[in-house]
Structure formats: C-alpha cells, structure tokens
Amino acid sequence: MSVMKIKLAVFIFVLAPLAGQVTQLQAQESQKLLHMCIACHGEDGSNNYSSIPNLKGQNAAYMVEQLKQFKSGQRPDKTMSKVAKLLTEEQMQQMANYFYTGKEQH
C-alpha cells in the first residue's frame with residue numbers, strides 16, 4: 001500500500017467519527033432554534049397573539065423568502081431580524097418545512 005493511501009485511510013478513520021459529531025451538533029442547534037420559533041409562533045404554528053403571525057400551513061418557499069429578507073434587513077422587524085440572522089439557509093428551510101407540515105423533517 002502506498003504512503004498516500006495509508007495517509008488517506010488514517011485521515012478517513014480519524015475524521016469519520018467527527019463528521020457524525022458535527023451532524024449531531026448541527027441537529028441540536030437546529031432543534032434549539034426551532035424551539036425559539038415555537039416559543040412565539042406556537043407548537044404547530046398557531047398562537048393567540050394578534051401581533052405574531054400564525055405560521056401553521058404557511059407556504060414554505062414564502063417563509064424562507066421572508067426569513068431571508070429579515071436577515072438581510074430588507075424586511076425590518078425588531079425581533080425577527082435578530083432571529084433570522086442566527087439561521088443558515090438550510091435552517092430556514094427546516095423551520096419553514098416544520099410549520100408547513102407540522103412536524104420535523106429528519
């Protein structure tokens with residue numbers, strides 16, 4: 001076996017477990033962010049506050065676009081602009097899918 005192949009095998013052997021940890025950490029972070037959204041918008045996207053939009057069943061593509069606009073400042077809001085800045089585009093899609101379907105996507 002060549003030295004390069006051995007180095008590659010060691011590299012994969014060492015990094016493979018780390019990839020799983022990164023994925024798990026990303027999932028935990030997304031879960032925390034989802035709970036932050038649920039705190040205001042409600043478990044299923046419905047809430048009793050007229051000042052907070054209901055997101056239940058909302059079009060996912062529309063929600064992602066709105067989150068992007070909050071994040072960029074195109075659509076300013078004291079709370080949502082701060083929240084959106086915490087989200088990656090992938091997390092925006094996860095949140096939008098959650099409120100559209102009413103459940104987490106794994």
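The values are calculated or read from the model by the stated rules, or taken from the named source; none is laboratory data. Note that the coordinates shown come from a computational prediction; the quantities given were computed from them, not determined experimentally. All Cβ positions, even for glycine, are placed from backbone atoms using ideal geometry, and neighbour counts span all protein chains on display. These area figures cover heavy atoms from the full protein model, side chains too; ligands, DNA and RNA do not enter into them. Shrake-Rupley method; radii C 1.70, N 1.55, O 1.52, S 1.80 Å.
Here the range 24-106 has 51 percent of its accessible surface on carbon and sulfur atoms, given a 1.4 Å probe and all protein chains in place. If you take every residue apart from Met80 with its C-beta less than 15 Å away from the C-beta of Met80, what net charge results, scoring Lys and Arg +1 and Asp and Glu -1? Residues near Met80 contribute +4 overall. Rounded to the nearest whole Hz, the Karplus-based 3J(HN,Hα) values (6.51 cos²θ - 1.76 cosθ + 1.60, θ = phi - 60°) of the range 28-45 follow the sequence 5, 5, 4, 5, 4, 5, 4, 5, 5, 5, 4, 4, 9, 8, x, 3, 10, x, with x at glycine and proline.
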